[in-house]
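A quick write-up on the structure given underneath.
The values are calculated or read from the model by the stated rules, or taken from the named source; none is laboratory data. Bear in mind the structure is a predicted one, so any value in this text is a computation, not a measurement. Cβ atoms come from the backbone with ideal geometry, glycine included; neighbour counts cover every protein chain shown. Ligands, DNA and RNA are stripped out before the accessible areas are found, and what is left, the full protein with its side chains, is counted by its heavy atoms. Shrake-Rupley method; radii C 1.70, N 1.55, O 1.52, S 1.80 Å.
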Amino acid sequence: MSQKTEKLIDKKGLRLDGRKPDELRPIKMEVGILSNAEGSAYIEQGKNKILAAVFGPKEMHPKHLALPDRMVIRCRYHMAPFSVQERKSPSPSRREIELSKVIRESLEPTVFMEYYPRTGIDVFIEVLQADGSTRCASITAASVAMADAGIPMRDLVAACSAGKVDDTIILDLMDAEDKLGSADVPVALMPNHNAVTLLQMDGILTAEEFEKTVSLALEGCQKIYAMQKEALKTRYVSVKEVEE
Amino acid sequence: MSSVITRVKQKQIAQAIAKGKRLDGRDLADYREIKIEQGIIERAEGSARILLGKTEVLVGTKIELGEPFPDTPNEGVLTVNAELVPLASSTFEPGPPDENSIELARIVDRGIRESKAIDTEKLCIEPGKKVFVIFVDVYVLNHDGNLIDASALAAVAALLNTKMPNYEIKEGEVKLKPGYTPLPMRKRPITVTFAKISDKLVVDAWLEEEQVMDARLSMAIDDDGNICAIQKGGSGYFTVQEILDAAKMAREKSEEIRKKLKW
Amino acid sequence: MPTFFERRQIVTPGDLIAEGDYITGENTYAEGNRIYASRIGIVEYDNKKINVVALRAFYIPRVGDIVIGTVVEVGFNGWTVYINAPYEALLRASEVLSRPFKPQKDELSQFLNVGDLVVAKISAYDRAHNPQLSVSEPGLGKITRGQIIKITSTKIPRVIGRKGSMVSMITQETGCQIILGLNGVILVTGKNPEDEELALMAIRKIEEESHISGLTDRVTQMLKEEKKGGKIKNESKN
């Protein structure tokens, strides 16, 4: 993250895409869009376009990966070669392997894994187009896909990033802000349990700035949570509207 | 999973921590004894070995000539890799790096990179063409918990010990000259990792505590007390209050540990 | 002792449904005296007990359930059957042969092969062992004709209807025999494919609209209309 002279916040206090510092990008979510998966979701957050699908629970293959007392969750976060400016090799990068792990660990606290020993679920995330904060949008979509698959869960997980650019704390970083800004803090929250299940940061923040950034990210999570619920309900309520 | 910890032990660890004590007698905020040795591998440009209790990590650095990244033509390149060497634990398998070693390397990398610990512009020889590439190889030799803090500390100690070759440019060619200068270091980031056990935060968990913990939280702190990298791991969660408490404690602990680093 | 949702409202996982002296029912869990939803579904109150009728769930075997499954593997003393559940079921050779199985003589794939469908009863199951199937009762065994449809298993009761009213109405209107696997797999057997398609349409409608009241009337009406004018409507569309 190198500091560049380019201004990310203009004189009116607005960002490159015209957003206020504490404003989310436009978000669109759809649930149950893939017929082969037990659960699925699609999210657009700004220019991010991400698909998440859940398969299972089913018997683990290979069998030695199964656990005698609980379910196993496997997660793959993957970026399409055409999702970024320069073609990304389709083989998993170190970044993707790390993100697959932290995304999985952000979802695991919500699942009643002990209910179904010896089984596994697969969570597949495909980033079709990336524009910053893709791990957060991926978690948001994957959690909804898990609910759509009927996995018993303690809560949904809503995720959102916050960070610092041009000495301003901002919400929901897009790519340019992530690359040129001075800090990026992705956060995932179980909204009904005040439980943070993902927290990462790179950049430099003082203790006070960090506290502000986290609380702004949490506000973002709450807003996104409302959209997740809406998207899940819409899937069933829309039938009713047609009917009446 | 050959290192299954018995249920009795799990319970003992959790119950002790619930009462604010640990089975090895430490307080929740105490590190194990830290020993740092620098410059122990002569063939490496820099090296350091850290003992954190029984956890042992060796880091060697190598410097080579290479090309800069297109988006940072004036800066040298930092590359961090971590090997969970099979001799360090029966749970480490030979083979390509798994998610654990990749995550470890990336946490160490972020602490150094985000704190701007190395003045990478001084590693530039010819903008856009030739720069020094620093390879930091983390070698875990014995695993008894808290590999993150031990590896991050060993990496910084090795960088502080790293010598950069002298060079001259003759007829457009880069020629190495005899003699060395120290690597241009600006910061000494220290990573402090918390394990959440029995709803309490403990620092420097040893292996068995890690097997009981719900989640972990690592924070890299620079010399000025700024936070410069964070990683949450494990399939549990943290409350906001726990995160803020951790940030405060990480600053205190990092200051303590930094004093042990010779610069 | 407040409740935070009306009866028949939709909840999503994590929604706090009630606080106080309540008992957890289906698809709910408790933390202290708070009752939360664990699946997307419809809230139902049954005195002190709170249930969430899941809109999305998967089948978990129970002893005594009739299920419909697909043979996925022929073993050396029985078959592995996929029953639309997280656990694959075992059907022993002796169950199908109704006599002791002789490994030297009997070629199991002649009785049931990969891809064959069976109607079976869960005869044994616990958390530590995979479910076992039995086909020894009348009406159970290999399926040779008809069509299969999969729906969310929690909606099977809606296909059955009150005291079997829904399924008997569909049988009456379409002339199809309907076997309901509690695992969400339904077998429809009629005199011709058109009748079967009509029955499948009714079942799909039940799955989509099960949470909206007045379901039986709407399904009956749809079947009657389709029977009368379905073909004409389709032709005029083309």
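Brief remarks on what is shown
- Residue within the range B:86-104 that is touching a strand residue (DSSP E or B) at 6+ places or on another chain (Cβ under 6 Å) and open to solvent by 60 Å² or more (accessible area, probe 1.4 Å) present: no
- Residue match in the range B:243-256 (condition: at pLDDT below 95 and of a type in the set (S, T, N, Q)): no
- Of the residues in the range B:240-258, not one is within 17 Å of the chain's Cα centre (by Cα), assigned to a loop (DSSP other than H, G, I, E, B) and closer than 19 Å to B:A152 by Cβ.
- When A:M201, A:M227 are checked against the criterion of being at pLDDT 95 or above, assigned to a strand (DSSP E or B) and not aromatic (F, W, Y), a single residue qualifies: A:M201.
- Set C:G139, C:G75: member being at pLDDT below 90 and either closer than 18 Å to C:I179 by Cα or in contact with a strand residue (DSSP E or B) (Cβ under 9 Å, 6 or more places away or on another chain) (or both): C:G139
- Odd one out for A:A226 among (1) surrounded by 24 or more Cβ atoms within 10 Å (Cβ to Cβ); (2) within 14 Å of chain C (Cβ to nearest Cβ): (1)
- Selection within the range C:210-224 - over 18 Å from the mean Cα position of the chain (by Cα) and not in a helix (DSSP H, G or I): C:I212, C:S213, C:G214
- Count of the range B:200-233 residues which are open to solvent by less than 20 Å² (accessible area, probe 1.4 Å), within 13 Å of chain A (Cβ to nearest Cβ) and part of a loop (DSSP other than H, G, I, E, B): 2
- Given (1) closer than 30 Å to C:Q221 by Cα; (2) open to solvent by 20 Å² or more (accessible area, probe 1.4 Å), number of the condition A:L232 does not satisfy: (2)
- Scope the range B:105-139; condition assigned to a loop (DSSP other than H, G, I, E, B), open to solvent by 20 Å² or more (accessible area, probe 1.4 Å) and in contact with a Lys or Arg (Cβ under 7 Å, 6 or more places away or on another chain); matching residues: B:K116, B:D119
- Residue satisfying condition, being at pLDDT 90 or above, open to solvent by 30 Å² or more (accessible area, probe 1.4 Å) and either closer than 25 Å to C:K142 by Cα or assigned to a helix (DSSP H, G or I) (or both), within set C:E235, C:E197, C:E207: C:E197
- Filter result (within 13 Å of chain A (Cβ to nearest Cβ), of a type in the set (V, I, T) and either farther than 16 Å from C:P2 by Cβ or open to solvent by 40 Å² or more (accessible area, probe 1.4 Å) (or both)) within the range C:13-36: C:T24
- Exactly one residue out of A:S100, A:S91 is of a type in the set (S, T, Y) and modelled with pLDDT under 95: that is A:S91.
- Lone unmet requirement of (1) at pLDDT below 95; (2) hydrophobic (A, V, I, L, M, F, W, C); (3) open to solvent by 20 Å² or more (accessible area, probe 1.4 Å) for B:L58: (1)
- Residue ID - modelled with the highest pLDDT, chosen from residues in the range C:1-12 that are over 27 Å from the mean Cα position of the chain (by Cα) and open to solvent by 40 Å² or more (accessible area, probe 1.4 Å): C:F4
- Those residues of the range B:7-26 which are open to solvent by 70 Å² or more (accessible area, probe 1.4 Å) and assigned to a loop (DSSP other than H, G, I, E, B), in sequence order: B:K19, B:K21, B:L23, B:D24
- Complete set of residues in the range C:20-40 that are among the charged types (D, E, K, R) and assigned to a loop (DSSP other than H, G, I, E, B): C:D21, C:E26, C:R39
- Residue ID - farthest from C:Q147 (Cα to Cα), chosen from residues in the range C:97-127 that are among the hydroxyl-bearing types (S, T, Y) and surrounded by 16 or more Cβ atoms within 10 Å (Cβ to Cβ): C:Y125
- If only residues of the range B:143-166 that are over 21 Å from B:I190 (Cβ atoms) and in contact (Cβ under 8 Å) with a residue 24 or more places away in the chain are counted, the one that is most open to solvent (accessible area, probe 1.4 Å) is B:K163.
Every residue, every condition in (1) in contact with a Pro (Cβ under 7 Å, 6 or more places away or on another chain); (2) open to solvent by less than 40 Å² (accessible area, probe 1.4 Å); (3) within 12 Å of chain A (Cβ to nearest Cβ), yes or no:
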{"position": "C:T70", "(1), (2), (3)": "no, no, no"}
{"position": "C:F76", "(1), (2), (3)": "yes, no, no"}
{"position": "C:P86", "(1), (2), (3)": "yes, yes, yes"}
{"position": "C:S94", "(1), (2), (3)": "yes, no, no"}
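- Whenever a residue of the range A:140-160 is free of Cβ contacts under 8 Å to residues at least 60 places away in the same chain, its partners that are basic (K, R), lying with C-beta atoms within less than 8 angstrom and at least six residues away or across chains, give the pairs A:P152/C:R39; A:M153/C:R39.
Condition check ((1) without any contact (Cβ under 8 Å) to a residue 12 or more places away in the chain; (2) closer than 18 Å to C:G146 by Cα) across all residues:
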{"position": "C:R158", "(1), (2)": "no, no"}
{"position": "C:R162", "(1), (2)": "yes, no"}
{"position": "C:T174", "(1), (2)": "no, yes"}
{"position": "C:I179", "(1), (2)": "no, yes"}
{"position": "C:I186", "(1), (2)": "no, yes"}
{"position": "C:E208", "(1), (2)": "yes, no"}
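- Residue within the range B:140-149 that is within 27 Å of A:S182 (Cα to Cα) and not in a strand (DSSP E or B) present: yes
- The number of residues in the range A:92-123 being among the basic types (K, R), open to solvent by 10 Å² or more (accessible area, probe 1.4 Å) and either in contact (Cβ under 8 Å) with a residue 12 or more places away in the chain or at the interface with another protein chain (Cβ under 7 Å from one of its Cβ atoms) (or both) comes to 3.
- Inside the range B:78-107, residues that are farther than 24 Å from A:R76 by Cβ and within 12 Å of chain A (Cβ to nearest Cβ) make up a count of 1.
- Criterion (surrounded by fewer than 18 Cβ atoms within 10 Å (Cβ to Cβ) and either within 19 Å of C:I68 (Cα to Cα) or within 16 Å of the chain's Cα centre (by Cα) (or both)) met by exactly one of C:K150, C:K191, C:K227, C:K163: C:K150
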